[in-house]
Amino acid sequence: MMNLFVVFDPVSMLGVHLNWVSLFVGGLFLPVGYWILPSRYVVLLGEVTKSLASEVGFLFSKSWGGVELLLITLFWVIVMSNFLGLFPFIFTATSHILVTLGLALPIWVSLMLYGWVNKTKEMFAHLVPMGTPFALMNFMVIIESVSNVIRPITLPVRLAANMIAGHLLIVLLGSAVTIKLWSVCFGVISLGLLFLLETAVAFIQAYVFMVLVGLYSAEI
């Protein structure tokens, strides 16, 4: 069973962990023409970015336009890492809790600091939802406080767990294939379908991460 998790072990050379280089491999998908001509590649990325901006734009006022740029950048970084991790010999950085926690924790800490320093009264009021009976107010404060504290944990764990689960399924199915014809056919079909599923999960998890961060930001 320990061999299943070998793909998540760090690979080092001369004392340098090479796994984290995969975070920057996505830059290779931007050809030189991307910065010069409005090619089809640029138009496609632009349309996807516009649709993402419209998805999260309704959460913020015009004065918060920079948050949309942050969220869209976060989406593309996660998508690139998730998608490239499906290729052989490329480590999925977002399957490591260190990377996902590094994406979620700074955003949560900055939001909490901004809210409690600049809008202390509103932050206290937010701990009691509107319409809460007086007898349940103390209980709701505890629940809302716990909910706020576990947010930087649930975000990275959700992303990392989905990436790990998909890769483990691929490893298990790949190891079950034998040289028999029926086994090879079953392995090719099942692994192909699972690869398509993991491709969809790569985009869905990045979208969920972006939307949840946007919702948490909009609350403050």
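Tell me, what is the FRET efficiency for Val43 and Trp76 to the nearest 0.05, using R0 = 25 angstrom and their Cβ-Cβ distance as r?
0.95
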### Message
From the phi angles alone, apply the Karplus equation (6.51, -1.76, 1.60; θ = phi - 60°) to region 78-93 and give each ³J(HN,Hα) in whole Hz, x where the residue is Gly or Pro.
### Response
5, 4, 4, 5, 5, 5, 5, x, 7, 8, x, 6, 10, 6, 7, 5
### Query
Any idea of the accessible area per residue across region 68-157, 1.4 Å probe, to the nearest Å²?
58
### Message
I'd like the carbon and sulfur percentage of the solvent accessible area for region 118-220, probe radius 1.4 Å, heavy atoms only, ligands and nucleic acids excluded.
### Response
79
### Summary
A correct Karplus calculation of ³J(HN,Hα) over region 164-174, with 6.51 cos²θ - 1.76 cosθ + 1.60, θ = phi - 60°, whole Hz and x for Gly and Pro, returns 5, 4, x, 5, 5, 4, 4, 5, 5, 5, x
### Task
For region 106-113, just list the computed ³J(HN,Hα) in residue order, Karplus coefficients 6.51, -1.76 and 1.60, θ = phi - 60°, integers in Hz, with x standing in for Gly and Pro.
x, 5, 5, 5, 5, 5, 5, 5
### Query
How would you order 209-215, 76-82 from highest to lowest mean count of nearby Cβ atoms within 10 Å?
76-82, 209-215
### Message
Given Cβ point charges of +1 (Lys, Arg) and -1 (Asp, Glu) and nothing else, what value in debye, to the nearest 20, does the dipole of region 110-220 about its Cα centre take?
### Response
120
#### Entry: Approximate spin-label separation Ile97-Leu196, in nm, with each point projected 7 Å along Cα-to-Cβ
3.4
## Note on the structure
Of all C-alpha pairs within region 105-198, those more than 22 angstrom apart amount in percent to 56
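Return the tail of the calculated pair distribution for region 108-150, meaning the percent of Cα-Cα pairs more than 17 Å apart.
When all Cα pairs of region 108-150 are counted, 33 percent exceed 17 Å.
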### Message
Give me the net charge for the shell around Gly214: Cβ to Cβ below 9 angstrom, other residues only, Lys and Arg +1, Asp and Glu -1.
### Response
-2
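Compute and list, largest first, the equivalent-ellipsoid semi-axes of region 64-135 from the alpha carbon gyration tensor, each √(5λ) rounded to a whole angstrom.
Three semi-axes, in Å: 35, 15, 12.
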### Computed label-point distance, nm, for sites Leu23 and Val146 using a 7 Å Cα→Cβ extension
3.3
### Summary
Between Ala176 and Ala135, the two model label points (7 Å from Cα along the beta-carbon direction) sit apart by a distance in nm of 5.3
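The values are calculated or read from the model by the stated rules, or taken from the named source; none is laboratory data. Bear in mind that the values here come from a model prediction, so they are computed numbers and not experimental data. Note that each Cβ is placed from the backbone with ideal geometry, even for glycine, and that neighbours are counted across all protein chains shown. Heads up: the accessible areas ignore ligands, DNA and RNA and are worked out on the full protein's heavy atoms, side chains in. Shrake-Rupley method; radii C 1.70, N 1.55, O 1.52, S 1.80 Å.
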